[in-house]
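Presented below is the structure to which this report refers.
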Amino acid sequence: MTKKIAVLPGDGIGPEIITEAVKVLDYLNADMDLGLVFENGLIGGAAYDVHATPFPQQTLDLARQSDAILLGAVGGYKWESLDISVRPEKGLLGLRSELQLFANLRPAILYPQLVDASTLKPEVVSGFDIMIIRELTGGIYFGQPRGVRLLENGEKQGYNTLVYSESEIRRIAHVAFQTAQKRNRRLCSVDKANVLECTELWRQVVTETGKQYPEVELSHMYVDNAAMQLVRAPKQFDVLVTTNMFGDILSDISAMLTGSIGMLPSASLDANNKGMYEPIHGSAPDIAGKGIANPLATILSAAMMLRYSFNQNEAAERIEQAVNAALNANIRTADIYSDGMQKIGASAMGDAVISALKERA
Ligand code: IPM
Ligand code: MG
């Protein structure tokens, strides 16, 4: 049985890093007879340039017909002045929402080889290994009403709405508890229950759901404190679960603990584990087209795809071990470079991962 992957490179460094991830998947596909087939589609600014929308119907159809989606990144200077309704980001948000990819898994692991690439002290970050579960289809990102309105006094007023229903909170809480069950059985739920009613409900529903998982130790933390604790003593965490916007912010903080945002993959899953896989970093327009981006977050996202959507654990582990081996070879892209290493570009990093796969075949 073939498995169809929708490949959406997007903008900026998206095409460069996707090329490397597909290269790695192509190699494994042939080597392990995985039955993967690929079909490319447009998303974000690249789609806007052709179809005057960042989220064309063809792309939604392709995503629906596919078994999984591999996405690069969206956005760039070129489209920043467009109306917010057709900005590249709307393509990504539209996909998440239309496919109901509510569970965003963002693992942040510090590879021991990269301990010097982190801006934090080695003793603070070494051994860091957490999983952030971010709610991805609700909260303030999607809440209505939203917009900018004109007040009677002639002044403009911007507004967004933070809203979560019990069922939305419950389903992400189940994913988080089940993830914690498979790890070190500690779950920290992050909210702002001291100020926001919506997240007071979040805390209640997570607590209630936790009664079904007595073996998981549940704690709660306000988001400001969680941000501080992540840089103060990050190893206290195992699994974090939080709202869409808090998860966006905390996952960028976690990325820096691992040395570079160029290392963090993600999976966005629906209720049946159909998923979209993308690096958590953006399109990095400042370095786009130079061939110097780090493709490892995208390559690791491809590994997550094999694991979560296709149940190919062995293939996923092979990729993860090959990334580890490539880092052992002391080669680094610019974002994770440190003294004494050899600086290489995206394509050479992709080649290094494939060489490592071949050596360990
Ligand atoms: C992310 C990104 C997106 C988000 C942007 C590009 C819309 O920052 O995936 O973390 O805010 O969710
Ligand atoms: Mg983000």
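So, restricting to helices (runs of 4 or more DSSP H) that lie completely within segment 11-125, which ones have at least 1 residues that are within 14 Å of ligand 1 (Cβ to nearest atom) and not β-branched (Val, Ile, Thr)? Let's see the steps before the verdict.
Values: elements: 14-32, 45-51, 57-65, 88-98, 122-125.
By residue number, 14-32, 45-51, 88-98.
Find the residue count for segment 126-170, including only residues that are β-branched (Val, Ile, Thr), within 20 Å of the chain's Cα centre (by Cα) and in a loop (DSSP other than H, G, I, E, B).
The initial filter retains those residues of segment 126-170 that are β-branched (Val, Ile, Thr), namely 130, 132-133, 137, 140, 148, 161, 163, 169.
Retained after the next criterion (residues that are within 20 Å of the chain's Cα centre (by Cα)): 130, 132-133, 137, 140, 169.
Next, only the ones that are in a loop (DSSP other than H, G, I, E, B) stay: 137.
Of the residues in segment 126-170, 1 are β-branched (Val, Ile, Thr), within 20 Å of the chain's Cα centre (by Cα) and in a loop (DSSP other than H, G, I, E, B).
Would you confirm, using the coordinates I've provided, whether residue 313 is at negative phi and without any contact (Cβ under 8 Å) to a residue 40 or more places away in the chain?
When the stated conditions are applied, residue 313 passes them.
How many residues are under 18 Å from residue 328 (Cβ atoms), touching a residue at least 40 places away in the same chain (Cβ under 8 Å) and open to solvent by 20 Å² or more (accessible area, probe 1.4 Å) when one looks only at segment 84-128? Lay out the reasoning, then the answer.
Filtering segment 84-128 down to residues under 18 Å from residue 328 (Cβ atoms) leaves 109-118, 122, 126-127.
Still in the running and touching a residue at least 40 places away in the same chain (Cβ under 8 Å): 109-111, 113-118, 127.
From what is left, the residues that are open to solvent by 20 Å² or more (accessible area, probe 1.4 Å) are 109, 111, 113, 115-117, 127.
Selection size over segment 84-128: 7.
Scan the helices (runs of 4 or more DSSP H) fully inside segment 179-284 and keep the ones with 1 or more residues being open to solvent by 70 Å² or more (accessible area, probe 1.4 Å) and over 20 Å from residue 163 (Cβ atoms).
On the way: elements: 197-210, 223-232, 244-257.
So the answer is 223-232, 244-257.
In segment 34-83, what count of residues is obtained for those that are of a type in the set (Asp, Glu) and touching a residue at least 40 places away in the same chain (Cβ under 8 Å)? Break it down into steps so the answer makes sense when it comes.
First, pick out the residues of segment 34-83 that are of a type in the set (Asp, Glu): 39, 49, 61, 67, 80, 83.
The next check asks that each one be touching a residue at least 40 places away in the same chain (Cβ under 8 Å); those that pass are 67.
Qualifying residue count, segment 34-83: 1.
What number goes with the only condition from (1) over 24 Å from residue 132 (Cβ atoms); (2) touching a strand residue (DSSP E or B) at 6+ places or on another chain (Cβ under 9 Å); (3) open to solvent by 10 Å² or more (accessible area, probe 1.4 Å) that residue 74 does not pass?
(1)
Could you check how many residues of segment 255-271 are away from ligand 2 (no atom under 11 Å from the Cβ) and either of a type in the set (Ser, Thr, Tyr) or under 27 Å from residue 170 (Cβ atoms) (or both)? Before you say what the answer is, go through the steps one by one.
Initial filter on segment 255-271 (away from ligand 2 (no atom under 11 Å from the Cβ)): 256-260, 262-263, 265, 267-271.
Checking which are either of a type in the set (Ser, Thr, Tyr) or under 27 Å from residue 170 (Cβ atoms) (or both) leaves us with 258, 260, 265, 267-271.
Of the residues in that region, 8 qualify.
If you check residue 350 against the conditions, is it away from ligand 1 (no atom under 16 Å from the Cβ) and more than 21 Å from the chain's Cα centre (by Cα)? Steps first, please.
Working: away from ligand 1 (no atom under 16 Å from the Cβ): yes; more than 21 Å from the chain's Cα centre (by Cα): no.
No: the conditions fail for residue 350.
Please give the number of the condition residue 168 fails out of (1) open to solvent by less than 50 Å² (accessible area, probe 1.4 Å); (2) under 28 Å from residue 321 (Cβ atoms).
Condition not satisfied by residue 168: (2).
Tally the residues that are assigned to a helix (DSSP H, G or I) and either of a type in the set (D, E, K, R) or within 11 Å of ligand 1 (Cβ to nearest atom) (or both), restricting the search to segment 285-297.
The number of residues fulfilling the criteria is 1.
Is it the case, given these coordinates, that residue 148 is more than 11 Å from ligand 1 (Cβ to nearest atom) and farther than 28 Å from residue 288 by Cα? Even if it seems obvious, please write down each step before you answer.
On the way: more than 11 Å from ligand 1 (Cβ to nearest atom): yes; farther than 28 Å from residue 288 by Cα: yes.
Yes; evaluated as a whole, the condition is true for this residue.
With the structure loaded, tell me whether residue 343 is in contact with a strand residue (DSSP E or B) (Cβ under 7 Å, 6 or more places away or on another chain), open to solvent by 40 Å² or more (accessible area, probe 1.4 Å) and among the basic types (Lys, Arg) or whether it fails that test. Break it down into steps so the answer makes sense when it comes.
Values: in contact with a strand residue (DSSP E or B) (Cβ under 7 Å, 6 or more places away or on another chain): yes; open to solvent by 40 Å² or more (accessible area, probe 1.4 Å): yes; among the basic types (Lys, Arg): yes.
Spelling it out, residue 343 is indeed in contact with a strand residue (DSSP E or B) (Cβ under 7 Å, 6 or more places away or on another chain), open to solvent by 40 Å² or more (accessible area, probe 1.4 Å) and among the basic types (Lys, Arg).
Within segment 35-42, can one find any residue that is of a type in the set (Val, Ile, Thr) and open to solvent by less than 30 Å² (accessible area, probe 1.4 Å)? Step through it out loud before you land on a result.
Looking only at segment 35-42, we keep the residues that are of a type in the set (Val, Ile, Thr), and these are 37.
In the following step, the residues that additionally are open to solvent by less than 30 Å² (accessible area, probe 1.4 Å) were identified as none.
Scanning segment 35-42, I find no residue that is of a type in the set (Val, Ile, Thr) and open to solvent by less than 30 Å² (accessible area, probe 1.4 Å), so the answer is no.
The values are calculated or read from the model by the stated rules, or taken from the named source; none is laboratory data. Owing to the predicted nature of the structure, the values given are computational and were not obtained by experimental measurement. Cβ atoms come from the backbone with ideal geometry, glycine included; neighbour counts cover every protein chain shown. Surface accessibility is based on the protein's heavy atoms, side chains included, excluding ligands, DNA and RNA. Shrake-Rupley method; radii C 1.70, N 1.55, O 1.52, S 1.80 Å.
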